[in-house]
Amino acid sequence: MNQANTKETNADPKAGTDEKPSGMQFLAVPGIFDGLAEQNMTRAKENIEKMKMASGAINDALLQAYSANAKGAADYASKVIEFSGANTSSAFDFLTHLLGMKLPSEILQLSAAQGCKNFQATAAQSRELWELTRKVASETADPIKKSFASVLQKAA
């Protein structure tokens, strides 16, 4: 083996040494990418911190939304029970009056009056339940909307 062959063999890192190449080497511009890696790590850490803060804010907003929704659902259920009690009481009153009627014309007149009363009560109850539903939906969505708006504003 001549000297040229020996140099080529020793120059090849795979050929006689246990050294492993450390990835792509930039021979022409050593050190130019060192600062970039450090900057990228700093930005990544800052982004992680921002995401942690945003996640906490979103969790708080979801907790507030859940609480508002649970309270609204309880209010709605309470209102439905209240209406059921009023409707049941009205039906018993109607039956009590109906038992005291003797003439078919009185029965028809009482039935017509009860039907009109029931229609008006149902319309009023439906309006009240609709308003309560809108209020609950608004109170549930507000914390989430505010939180997302705040998080997006901070991220921008």
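Computed values, structure above
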{"item": "Single residue of Lys102, Lys146 found to be of a type in the set (D, E, K, R) and assigned to a helix (DSSP H, G or I)", "result": "Lys146"}
{"item": "Residue among Gly115, Gly72 that is over 30 Å from Arg43 (Cβ atoms) and either free of Cβ contacts under 8 Å to residues at least 40 places away in the same chain or not in a helix (DSSP H, G or I) (or both)", "result": "Gly115"}
{"item": "Single residue of Ala86, Ala149, Ala124, Ala91 found to be free of Cβ contacts under 8 Å to residues at least 60 places away in the same chain and over 39 Å from the mean Cα position of the chain (by Cα)", "result": "Ala91"}
{"item": "Residue in segment 86-99 that is of a type in the set (D, E, K, R), out of contact with any Asp or Glu (no Cβ under 8 Å at 6 or more places or on another chain), part of a helix (DSSP H, G or I) and modelled with pLDDT of 90 or more present", "result": "yes"}
{"item": "Test result for Ser126, at pLDDT below 90, among the hydroxyl-bearing types (Ser, Thr, Tyr) and out of contact with any helix residue (DSSP H, G or I) (no Cβ under 8 Å at 6 or more places or on another chain)", "result": "no"}
{"item": "Failed item, numbered, when Ser150 is tested on (1) surrounded by 12 or more Cβ atoms within 10 Å (Cβ to Cβ); (2) modelled with pLDDT of 95 or more", "result": "(2)"}
{"item": "Complete set of residues in segment 54-97 that are surrounded by fewer than 14 Cβ atoms within 10 Å (Cβ to Cβ), more than 30 Å from Gln153 (Cα to Cα) and either touching a Phe, Trp or Tyr at 6+ places or on another chain (Cβ under 7 Å) or of a type in the set (Phe, Trp, Tyr) (or both)", "result": "Phe92"}
{"item": "Which numbered condition Pro30 fails, given (1) modelled with pLDDT under 90; (2) surrounded by 10 or more Cβ atoms within 10 Å (Cβ to Cβ)", "result": "(2)"}
{"item": "Given (1) of a type in the set (Val, Ile, Thr); (2) modelled with pLDDT of 90 or more; (3) exposed (fewer than 13 other Cβ atoms within 10 Å of the Cβ); (4) over 42 Å from the mean Cα position of the chain (by Cα), number of the condition Ile107 does not satisfy", "result": "(3)"}
{"item": "Single match in Glu131, Glu106 (criterion: free of Cβ contacts under 8 Å to residues at least 24 places away in the same chain and under 16 Å from Ser78 (Cα atoms))", "result": "Glu131"}
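The values are calculated or read from the model by the stated rules, or taken from the named source; none is laboratory data. All values reported here derive from a predicted model rather than from experimental measurement. Positions of Cβ are generated from backbone atoms using ideal geometry, with glycine treated the same way; all protein chains shown enter the neighbour counts.
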